[in-house]
1. If you go through the range 86-98, how many residues are farther than 17 Å from Lys48 by Cα and not in a loop (DSSP other than H, G, I, E, B)?
2. Could you check, for the range 6-21, whether at least one of its residues is more than 13 Å from Met129 (Cα to Cα) and among the basic types (Lys, Arg)?
3. Do we have Ala30 as at pLDDT 95 or above, part of a loop (DSSP other than H, G, I, E, B) and within 19 Å of Phe133 (Cβ to Cβ) here?
4. When only residues in the range 103-133 that are within 16 Å of Lys42 (Cα to Cα) and more than 11 Å from the chain's Cα centre (by Cα) count, which is surrounded by the most Cβ atoms within 10 Å (Cβ to Cβ)?
5. Scan the range 1-11 for residues that are surrounded by 14 or more Cβ atoms within 10 Å (Cβ to Cβ) and in a loop (DSSP other than H, G, I, E, B) and jot them down.
6. Restricting to the range 32-48, and then to whatever is closer than 26 Å to Glu87 by Cα and touching a residue at least 40 places away in the same chain (Cβ under 8 Å), can you tell me which residue is nearest to the chain's Cα centre (by Cα)?
7. Need pairs with beta-carbon distance below 9 Å; first residue surrounded by 12 or more Cβ atoms within 10 Å (Cβ to Cβ) and within the range 134-155, second at pLDDT 90 or above and of a type in the set (Val, Ile, Thr); sequence gap 6+ or separate chains.
8. When you scan the range 67-85, do you find a residue that is in a strand (DSSP E or B), surrounded by 13 or more Cβ atoms within 10 Å (Cβ to Cβ) and of a type in the set (Phe, Trp, Tyr), even just one?
Amino acid sequence: MKIIIDTREQCPFSFRHEKMDATTAPGTLAVGDYSLAGLEDKVAVERKSLPDLVMCLGRERERFERELARGAALDAFAVVCEGSWLELSRGEYRSRLNPHAACQSVLAFAGRYRLPFFFAGSRGAAEYMTWGFLRQYLEGARKRWKAIAEAQGAA
């Protein structure tokens, strides 16, 4: 599996864990920070640290909503946060954004754009979730294409 890492990603994952059968390459993605080679217009993951997510729920809300709208147009898109839901709900960040408002914003975005927000709780877990999300999409795509090829062969 070849993962494309957006060239603007400031703190990219390496995907070098022994269980991650992945190689990486830099690229310019229209949406998200990570995608799959050849499937950049189908699937992506947006990575956020907790402080970055809080900024996107406050001062940078309009820009973030545009990103979510572009992501919702893909077959699969997810936001993976390195922080935990508990940290967000307790306001364990440096911002005046009300924790209740932050949580409600995440839930509103998830419902409005029909996309998951994964709260990993650590950077390592966020990397694993990103890899796993992309891997699951790729496996599903392979199964769909196999079924299509078999159906065409039978016709």
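The values are calculated or read from the model by the stated rules, or taken from the named source; none is laboratory data. Since the structure is predicted, the reported quantities are computational estimates derived from the model, not experimental observations. All Cβ positions, glycine included, derive from the backbone under ideal geometry; neighbour counts span all protein chains shown. With ligands, DNA and RNA removed, areas are computed over all heavy atoms of the protein, side chains included. Shrake-Rupley method; radii C 1.70, N 1.55, O 1.52, S 1.80 Å.
1. Looking only at the range 86-98, we keep the residues that are farther than 17 Å from Lys48 by Cα, and these are 90, 96, 98.
Within this subset, residues satisfying the condition of being not in a loop (DSSP other than H, G, I, E, B) are 90.
So the answer is 1.
2. Yes.
3. Details: at pLDDT 95 or above: yes; part of a loop (DSSP other than H, G, I, E, B): yes; within 19 Å of Phe133 (Cβ to Cβ): yes.
Judged against the criteria, Ala30 is a match.
4. Among those that are within 16 Å of Lys42 (Cα to Cα) and more than 11 Å from the chain's Cα centre (by Cα), it is Tyr113.
5. Correct list: Met1, Glu9.
6. Only one residue fits best here, namely Val45.
7. Leu134/Ile3; Leu134/Val43; Leu134/Val45; Tyr137/Val43; Leu138/Val43; Ala141/Val43
8. Step one: filter the range 67-85 for residues in a strand (DSSP E or B), giving 76-81.
Still in the running and surrounded by 13 or more Cβ atoms within 10 Å (Cβ to Cβ): 76-81.
Pick out the ones that are also of a type in the set (Phe, Trp, Tyr) and you get 77.
Checked the range 67-85: at least one residue is in a strand (DSSP E or B), surrounded by 13 or more Cβ atoms within 10 Å (Cβ to Cβ) and of a type in the set (Phe, Trp, Tyr).
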